[in-house]
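Here, each number is a calculation from the coordinates, and none is a lab measurement. What you see is a predicted model, and the numbers here were worked out from it, not measured in a lab. Cβ sites come from the backbone with ideal geometry, for glycine too, and all protein chains shown count toward neighbours.
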Amino acid sequence: MNIKLIYGSDTGKTEYVVDQYFIPGLEEIGDLEYKNVNDLTEEDWGESDLFVLGIPTWYDGELQSDWEDYFETFKEIDFSGKSVAVFGLGDQIGYDEWFCDGVGILAEVVLENGGHVFGYTKKDESYDFDTTPKSLVNEDTFYGLCLDEDTQDELTKDRVSKWIDSVKKEIDSLDNEVEAFLNAPENNTLGSKIDTLAGLTYDKDNDFMKFQKKQNDFQWIDEEQSEYDSFSNGETNNESDGEDSNEY
């Protein structure tokens with residue numbers, strides 16, 4: 001499968017975690033292409049159906065400068081049939097009210113424009129803030145992976161590793177559902193007809209990432225599961241480079 005990793009970084013911390021952790025981990029899942037958001041062209045969004053987006057959050061909820069410059073274009077993208085996972089860096093101590101806001105901002109645009117967001121994570125006890133930034137879907141679920149290189153850099157490697165493992169499981173699970181669906185006798189002659197399966201839609205003339213979740217009603221089901229396991233509909237389905245600032 002083809003994965004496109006897109007990120008922005010001003011002071012280098014997001015770029016560092018991308019180089020050290022995300023690129024090696026995602027290359028184990030599939031064919032990976034990665035680029036900075038300021039190098040994007042319109043064609044980039046049509047070349048893959050699977051994206052991982054990385055965004056740091058600055059100060060009081062500001063997007064990283066390259067993402068800020070690109071944001072109006074981003075809001076016009078049709079994400080129908082595309083699956084997107086988001087990670088971000090932030091400072092939960094100095095800027096807790098806006099911790100990793102960029103993750104939620106990008107995820108909500110993807111959802112509003114018809115895409116499927118995956119890679120949700122649980123806000124577990126390792127996080128040390130009590131506010132409700134835009135990175136949260138609800139009080140205990142992030143839209144993606146939130147990292148804190150300012151105050152918890154020692155946790156970054158493990159958090160990324162667990163998240164990538166969870167993302168891979170979600171993709172594999174979806175791939176298995178598609179294979180079962182396509183191999184079902186009643187579906188052998190349906191051609192390119194759009195059919196439904198487990199709350200998803202699939203265009204059989206395209207690859208499995210054309211599955212798109214119709215709902216994003218998440219709940220955490222089994223406390224014995226890894227804190228990074230995500231569930232949908234009851235089934236498995238802010239970078240910081242500045243000193244004492246929310247600059248990433």
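Bin width 10 Å, alpha-carbon pairs only: give the P(r) of segment 115-168 as whole percents, running from 0 to the bin holding the largest distance.
Final binned percentages: 22, 56, 21, 1.
Could you pull out every residue, at least 5 positions away or on a different chain, whose amide H is within less than 5 Å of the one on residue 122? Hs are placed 1.01 Å off N in the peptide plane, and Pro or chain starts have none.
Amide H neighbours of residue 122: 142.
Please go through segment 71-148 and write out the chymotrypsin sites (Phe, Trp or Tyr not before Pro) that DSSP classes as loop and that have at most 12 other C-beta atoms within 10 Å.
none
Stretch residue 139-residue 33 to full length: gain in nm at 0.36 nm per residue minus the Cα-Cα span?
34.8 nm
Around residue 3, which amide H atoms from residues at least 5 apart in sequence, or from another chain, sit under 5 Å from its own amide H, with H modelled in the peptide plane?
Amide H neighbours of residue 3, under 5 Å, 5+ apart: 31, 32, 33.
Fewest to most neighbouring Cβ within 10 Å: what's the order for 52, 137?
Listing 52, 137 from fewest to most nearby Cβ atoms yields 137, 52.
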